[in-house]
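Beneath this line is the structure, given in structure tokens, with notes to follow.
The values are calculated or read from the model by the stated rules, or taken from the named source; none is laboratory data. This structure is a prediction, so every number in the text was calculated from the model and none was measured. Heads up, the Cβs are rebuilt from the backbone with ideal geometry, glycines too, and the neighbour counts pull from every protein chain shown. These accessible areas exclude ligands, DNA and RNA; they are computed on the full protein's heavy atoms, side chains included. Shrake-Rupley method; radii C 1.70, N 1.55, O 1.52, S 1.80 Å.
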Amino acid sequence: MIRNSAAAMADALSKKEITSVELTQLHLDRIDAVDSQVHAFLHVDREGALSQAAAVDAKRAAGEKLSPLAGVPLALKDVMTQKGIPTTAGSKILEGWRPPYDSTVVTNLKANGIVILGKTNMDEFAMGSSTENSAYGTTHNPWDLDRIPGGSGGGSAASLAAFQAPLAIGTDTGGSIRQPAAVTGTVGVKPTYGGVSRYGLIAFSSSLDQAGPCARTVLDAALLHEAIAGYDKKDSTSINAPVPAVVAAAKKLDVKGLKIGVVKELSGDGYQAGVKSRFDEALQELVSAGAEIVEVSCPNFEYALAAYYLIAPSEASSNLARFDSMRYGIRVGDDGSAGAEEVMRMTREVGFGKEVKRRIILGTYALSSGYYDAYYGSAQKVRTLIVQDFAKAFAHADVLVSPTCPTTAFKIGEKSNDPLAMYLNDIATIPVNMAGIGGMSLPVGLSPDDGLPVGFQIMSAAMKDDLMYQVGGTLEAALLSKWGAPILTNAPELAAK
Ligand code: GLN
């Protein structure tokens, strides 16, 4: 049962072939068996999950009408607050913090009867592409335990690939849902900015951050998308409009007449040969399914990474000022001899890791008077040019596509001492965040050169999220009929330990 899709689990629950308590227990058992190897979880809420499951079972027994995913378990990225449950954002500075409130995403999950198993590992404050920046140890990729599961949401993606959870929540500021999905052979979606509330999402870069669904199939992602999305007056950037009909779109399985734009700048040099060949084959599947392929050019994407590494650290340097040792988490050096400022300094020195400090310094510099226009101001102008590139491209195509990332999963430690090499992982995912549009990654097979999963990115214009689900669902169905089985059946079996 734990290897099924969330939709199949929901179906079994509604037919009363299994209870939510049983299904939740199966996943808790799987976590107990394999998480010492994968380390996807920072906290497992066994009692809470079982009691949520029991509540759903009781409602079902009483004949109440339940939402489609009621009773299905989920893993929550540790950057979302859940009342009373330890929440660290992967940082030592928040060690021991139990939020006094639920994020809107969690409120929505609970309202839908989705059972929260626990909190997943991540790069500290979502800064990274490998989960190696977590203060609580790295997560291992279930395909090869010596490799990274992507980041920052490596724990969420790994939990899906290791069958510890059928659904997970991620957040994506520059690729943190899509890149982990790509390297673990799972599906991840960054909705349109403002589509899912940021209330209770511990802020990294507020103008880029967006929570979204992680799953093993496109339909499962769509079901979770509809459960968490929608207007929220607690988030001033939330979009007050109906949620795009992504579930219906994922079920269409038809792309006849749709124009698919291949972004020239996102598939050239620097992409692993096996990534490119799987990408090209996937395009052919879409052609066979009746889509038309066009090439589009987005010349300013060349500057997206540089602009992102000014904008995101600038916003982070401001957002992270709230970790001042007074209100949340740890406090260091408060023995009566030091003043408040000194206690703050010592706490931040001990509480923040290297990458977080690097970004705070970068961002503070970029925002400093005298440099503001040259750095932050220029980056914002580049952002506008990227928005315009997308607008022009969407005039020629319904969705845009590219490989999700340049390579398959790399070895743990391979890039941890080279920040620039790490940043380059996000070359294809960052433009989507800069423009606030939607982006999805889905698996399109294993790279012939190393046998590891390859991700295919689909981008859709703002509030046209349904289109990427329509194309993703169709491509997934075509590949499934070709392969005969889901890609994750090729992942090595993790022996219980
Ligand atoms: N890897 C990128 C970064 O380090 C994106 C992270 C994210 O999307 N949260 O900033």
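Suppose R0 equals 41 Å. What FRET efficiency, 1/(1 + (r/R0)^6) with r the Cβ-Cβ distance, do A374 and Q37 give to the nearest 0.05?
Efficiency, rounded to the nearest 0.05: 0.30.
Take L283, L480 and sort them by solvent-accessible surface of the protein heavy atoms, 1.4 Å probe, largest at the top.
L480, L283
What accessible surface, in Å², does a 1.4 Å probe find on Y136, ignoring ligands, DNA and RNA and rounding to the nearest 10?
Rounded to the nearest 10, that gives 60 Å².
What is the distance in Å between the Cα centroid of segment 392-428 and that of segment 28-75?
33
Ranked by accessible surface with a 1.4 Å probe, highest first, in what order do S236, S103 come?
S236, S103
Pop out the carbon and sulfur fraction of the accessible area of the chain as a percent, whole number, probe 1.4 Å.
Within the chain, the accessible surface is 54 percent carbon and sulfur.
Cut-off under 22 Å on the C-alpha distance; same-chain residues fewer than 8 positions from K354 excluded. Which lysines are left, in chain and number order?
Qualifying lysines at Cα under 22 Å: K77, K92, K411, K415.
For A6, what is the net charge nearby, where nearby means another residue's Cβ is under 9 Å from its Cβ and Lys, Arg count +1, Asp, Glu -1?
0
How many angstrom lie between the C-alpha centres of segment 472-486 and segment 182-197?
19
Taking the solvent-accessible surface of protein heavy atoms with a 1.4 Å probe, what is the per residue accessible area of the chain in Å²?
With the other protein chains kept in place, the chain gives 36 Å² per residue.
Just how far, in whole angstrom, is segment 313-339 from segment 439-470 if you go by their alpha carbon centroids?
Here the two parts' Cα centres lie 39 Å apart.
Applying the Karplus parametrisation 6.51 cos²θ - 1.76 cosθ + 1.60 with θ = phi - 60° to the phi angles of segment 487-497, what ³J(HN,Hα) value in whole Hz is obtained for each residue in order, glycine and proline being reported as x?
Residue by residue, segment 487-497 yields 4, 5, 5, 8, 6, x, 5, 8, 6, 5, 10 Hz.
Counting only DSSP beta bridges with both residues in the chain, what percent are antiparallel, rounded to the nearest 5?
Bridges in the chain that DSSP calls antiparallel: roughly 65 percent.
To the nearest 10 square angstrom, what accessible area does M326 show with a 1.4 Å probe?
For M326, the solvent-accessible surface is approximately 80 Å².
Once label points are set 7 Å from the Cα along Cα→Cβ at both R98 and V350, what is their separation, rounded to one decimal in nm?
Computed distance between label sites R98 and V350 equals 2.2 nm.
Based on the mean of other Cβ atoms within 10 Å per residue, sort peptides 393-399, 250-256 so the most packed one is first.
393-399, 250-256
Rounded to the nearest 10 Å², what accessible area does T489 have for a 1.4 Å probe in the complete protein model?
Near enough 90 Å² of accessible area.
How would E265, E414 line up by accessible area, probe 1.4 Å, largest first?
E414, E265
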